[in-house]
Amino acid sequence: MSTQDLHHLSIAALAAQIRNRQTSATEVAQHFLARTRAQQALGAFLAVDEDVTLAQARAQDAAIADGSAGPLAGVPIGHKDVFVTRDFPTTASSRMLAGYRSPFDATVVTRLADAGCVTLGKLSCDEFAMGNGNESAAIAPVGMDAPAPVRNPWDTGRVPGGSSGGSAAAVAARMVAAATGTDTGGSIRQPASFCGITGIKPTYGRASRYGMIAYASSLDQAGPMAHSAEDCALLLSVMCGPDVQRDSTSLDVPAENFTRQLGDSIEGLRIGVPAEFFADGLADDVRSAVDAALKEYEKLGARLVPVQLPRTQLSVPAYYIISPAEASSNLSRFDGVRYGHRTAQPADLQDLYKKSRAEGFGDEVQRRIMIGAYVLSEGYYDAYYLQAQKIRRLIANDFQAAFQQCDVIAGPVAPSVAWQLGDKADPLASYLADVFTLPASLAGLPAMSLPAGTGAGGLPVGLQLIGNYLQEGRLLNVAHRLQQVTDFHRASPANIE
């Protein structure tokens, strides 16, 4: 195969070609770096360093030569800019951390590097991962002089989704073979849906949060974004595993080979279909694509089972109380004293705090900090935060009741296809767009998005699959079986060669 076609290979095929020396990790890195340069207008990358990338690639070629290479040797990857990295700056897309260099790598970054992945750079996201359109990044993308939103490769006038929009856009435009993302309330699944790729959020605690800049600690979870369920299974197998010495939220569960179940029969599989995911507010084009995907599952021998998730609508207010409360606590460390942006010539200590935070944080981050501080304040904690936590438990219970009747749950990822840039300037409208992804996040369940067809304007539509705790292998197999009989995951935007 010509090096010009390397970006169309799956991760398994690409790794095999490098391992068999049909091409080299250095040639692959050069090829993908050229693609990132050619598509800078999408605004996906916040930092690249070709010297670092090529040095990593040459190291992988040497490892292949001496027989010490890992299973993903030479596979090019980008990291969402909330994972700290020694070789690239880490900003969380915020002025607060502009130019910050970490002295260590996040566990997820280390594990992927140990498996042989080569880092192409850091990918844009909503500031501190707070958003669902990737319009709030405050750091200028590579090749640009000012901050700019990431653009959807399928229609550059539309959002790629968020907060992992840079990751989704880079994968969809085939600038990287895969990318890391984080999912707090849908930030892997929604951009995967909008950009026509596959992404999975594992069970909370499966992937270490060490070195991942915190937004909401009881919700944040790392996951892979790639073209197919098979690719995600390969990546997730490397990313997951216990890290209990460094991450108190890490599950002490052994690493697992998530490719092991790929290809298993789904004959007799019970797919739960919650009526609440198909109520008023779901766009007709999204409904049609999801319905067609469910019919494909029936052809494969699965059985559709009606289930109920009665507190779906309550997930929005519960999430937007709990996550800002945790954010206000996590972001209190950015005070202009220890690290992060510091205002020039403050009048006194209080002025230092106020101006440093006002200058360093963007509007959405400030909004969530204030909401969080309010719901945690004396007199409001019981009325808001405690009640939201009770609802969270009830939502988790609803899922367990549903899983008594089914094996996996399926539905849409988002109520619509990707919207136009600037269309959701009203924060409430933006928050409501998360209604289908929030329940699984609040319950800590594994969930994923895979391409299920197209909607209005030929824009991608994602199918969401939700599994019970630690059932990532089953989810990935269910997704893989659909991708064996459909080609949606192989599609590329019309302007992407």
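Structural remarks
- Solvent accessible area, Å² - residue 364, 1.4 Å probe, full protein context: 30
- Residue-count net charge about residue 264 - beta-carbon cut-off 10 Å; Lys, Arg +1, Asp, Glu -1: +2
- Calculated P(r) of the chain - Cα pairs past 45 Å, %: 7
- Normalised by residue number, the volume inside the convex hull of the Cα atoms of segment 231-298 is 172 Å³ per residue.
- Separation between Cα centres of segment 128-170 and segment 31-83, rounded to whole Å: 20
- Annotation: residue 240 carries an accessible surface of approximately 10 Å², with a 1.4 Å probe and no ligand, DNA or RNA atoms counted.
- Taken over segment 319-366, the ratio of Cα radius of gyration to 2.2 N^0.38 Å equals 1.22.
- Entries of 201/424; 122/295; 201/354; 354/424 with Cα pairs more than 31 Å apart: 122/295; 201/354
- Classified by the C-alpha gyration tensor, segment 350-449 has an oblate form. Its axis ratio a/c, with a ≥ b ≥ c, is 1.5 or above, and a/b does not exceed b/c.
- Radius 15 Å from Cβ of residue 281, net charge of other residues (Lys, Arg +1; Asp, Glu -1): -3
- Across the protein chains, with a 1.4 Å probe defining accessible surface, the residues 49, 264 rank 264, 49 from largest area downward.
The values are calculated or read from the model by the stated rules, or taken from the named source; none is laboratory data. All values derive from a computational prediction rather than experimental measurement. All Cβ positions, even for glycine, are placed from backbone atoms using ideal geometry, and neighbour counts span all protein chains on display. For the accessible areas, the whole protein counts, side chains as well, though only heavy atoms, and no ligand, DNA or RNA atoms are used. Shrake-Rupley method; radii C 1.70, N 1.55, O 1.52, S 1.80 Å.
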